[in-house]
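S.K.: Next up is a structure, given as C-alpha cells.
The values are calculated or read from the model by the stated rules, or taken from the named source; none is laboratory data. Only a predicted model underlies this, so the values are computations on that prediction, with no experimental measurement involved. Every residue, glycine as well, gets a Cβ built from its backbone with ideal geometry; the counts of neighbours run over all protein chains shown. Accessible surface areas use protein heavy atoms only, side chains included; no ligands, DNA or RNA. Shrake-Rupley method; radii C 1.70, N 1.55, O 1.52, S 1.80 Å.
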Amino acid sequence: MSVSGRLVLIAGATSASGRAVGRQLVDAGARVVAVGSRPEALARYREEIPGSVTLVCDLGDPAAVASLAERIHAEHGRIDGLIHLVGGWRGGGGLAGQTDEDWDFLHARVLTTLRNTTRVFIDDLHASDAGRLAIVSTTTLDKPMPGGANYAAAKAAAETWVKAIANGFAKSAPAASATIFVVRSLDGLEPQLATAVTALWDSNAASGPLHRVPLADAAG
C-alpha cells in the first residue's frame, strides 16, 4: 500500500507546511487538491508544485465547503485523505489577555474549518480502502498556560473532534485512520511533517484508528 494514485486534499495548503506536504505527496505519485482562501497564493502554489489542483474556498463557510466537495467529486472523485493544516496563533497577556477577537479567530480557523471539512468528506474516508485524516496539534496541551489558553482550548477541541472520528472509524471503517501530529512549533519541521504525512498510507500506518505522533527536530 502506498500514497501513489491516492486523491489527497490539503486544507490550508499555501502555508509553508502545506507546500512541503503537497510537494512530497506529488513526488510520491499522489493526486493533490490544494485548498486555500487566497487566489494569489494558490497561483504561486501551482507554479511551485506542478501537477497539483488548486481550489479557492472559505473553509469556515459550511455552504462553500459543501460546494467544494461537489466540485471535487464531479471532477476528481472521492478523496482518500484529508490533511488539515489550517491554523494560526494568537495569545499573550495572561488570562485577561485572552480576547474575544483572538478566540473567534482561533475557533474559526482551528476548529470550524476542521469540523466543516470532515463533516463533508467523512463518507469519502469511510469508503476509501485507506482513508486518512491528519491534523497538527501542540505540546502545550500537556501544560497549558494562561497566556495561551485560547489557543490550547481550540487545539484541545480539535483533538477531541478527531478522536470522535477515529472512534467512528473503529466501528465502521477499519481501513481508515486518523493521526494527530504534535509539535512545540512547526517552524523548521515542515519536511519532517511532509515525510510523516506521505507515510500515512504505508501498510503499517493503519495499525489502529487513532495515532498521536510527536514531531521534533534533532535537538528536540
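S.K.: Determine if region 124-135 includes at least one residue that is buried (at least 20 other Cβ atoms within 10 Å of the Cβ) and assigned to a helix (DSSP H, G or I).
M.R.: Among the residues of region 124-135, at least one is buried (at least 20 other Cβ atoms within 10 Å of the Cβ) and assigned to a helix (DSSP H, G or I), which makes the answer yes.
S.K.: In the set Leu68, Leu59, Leu55, which member is under 20 Å from Ile122 (Cβ atoms), touching a residue at least 40 places away in the same chain (Cβ under 8 Å) and not in a loop (DSSP other than H, G, I, E, B)?
M.R.: Leu68
S.K.: Conditions first: (1) open to solvent by less than 60 Å² (accessible area, probe 1.4 Å); (2) closer than 20 Å to Ile83 by Cβ; (3) not polar (S, T, N, Q). Ala153 passes all but one, so which condition is the exception?
M.R.: (2)
S.K.: A follow-up question, please. Give the number of residues within region 1-52 that are surrounded by 22 or more Cβ atoms within 10 Å (Cβ to Cβ), among the charged types (D, E, K, R) and in contact with a Gly (Cβ under 9 Å, 6 or more places away or on another chain).
M.R.: So the count comes out to 1.
S.K.: Given the criterion over 27 Å from Asp129 (Cβ atoms), at pLDDT 95 or above and open to solvent by 70 Å² or more (accessible area, probe 1.4 Å), identify the matching residue among Pro191, Pro146.
M.R.: Numbers: Pro146 fails: open to solvent by 70 Å² or more (accessible area, probe 1.4 Å).
Sole residue among the options that is over 27 Å from Asp129 (Cβ atoms), at pLDDT 95 or above and open to solvent by 70 Å² or more (accessible area, probe 1.4 Å): Pro191.
S.K.: Oh, and also: Please list, ordered by first then second residue, the pairs with beta carbon atoms under 7 Å, 6 or more apart or interchain, first in region 181-197 and over 10 Å from Ser17 (Cα atoms), second of a type in the set (Phe, Trp, Tyr) and assigned to a strand (DSSP E or B).
M.R.: Ala196/Phe181
S.K.: Go through (1) surrounded by fewer than 23 Cβ atoms within 10 Å (Cβ to Cβ); (2) farther than 24 Å from Ser67 by Cα and name the single condition Val162 misses.
M.R.: (2)
S.K.: Conditions first: (1) more than 23 Å from Asp187 (Cβ to Cβ); (2) touching a helix residue (DSSP H, G or I) at 6+ places or on another chain (Cβ under 8 Å); (3) assigned to a loop (DSSP other than H, G, I, E, B). Ala13 passes all but one, so which condition is the exception?
M.R.: All conditions are met except number (1).
S.K.: Still on this model: Please enumerate the residues belonging to region 110-122 that are polar (S, T, N, Q) and either surrounded by fewer than 16 Cβ atoms within 10 Å (Cβ to Cβ) or without any contact (Cβ under 8 Å) to a residue 24 or more places away in the chain (or both). Quick ask: steps written out before the conclusion?
M.R.: Start the filter on region 110-122 by keeping residues that are polar (S, T, N, Q), which leaves 112-113, 116-118.
Hits for region 110-122: nothing passes.
S.K.: Ala170: in contact with a Pro (Cβ under 6 Å, 6 or more places away or on another chain) and either of a type in the set (Gly, Ala, Ser) or more than 23 Å from Met1 (Cβ to Cβ) (or both), yes or no? Explain how you work it out, then say what you get.
M.R.: Numbers: in contact with a Pro (Cβ under 6 Å, 6 or more places away or on another chain): yes; either of a type in the set (Gly, Ala, Ser) or more than 23 Å from Met1 (Cβ to Cβ) (or both): yes.
Against the criterion (in contact with a Pro (Cβ under 6 Å, 6 or more places away or on another chain) and either of a type in the set (Gly, Ala, Ser) or more than 23 Å from Met1 (Cβ to Cβ) (or both)), Ala170 qualifies.
S.K.: Moving on to the next point. Out of the residues in region 74-109 that are open to solvent by 60 Å² or more (accessible area, probe 1.4 Å) and of a type in the set (A, V, I, L, M), state the one that is nearest to Ala130 (Cα to Cα).
M.R.: Ala74
S.K.: Restricting attention to region 30-52, which residues are in a helix (DSSP H, G or I) and not charged (D, E, K, R)?
M.R.: At the first step, the residues of region 30-52 found to be in a helix (DSSP H, G or I) are 39-48.
Within region 30-52, Pro39, Ala41, Leu42, Ala43, Tyr45 qualify.
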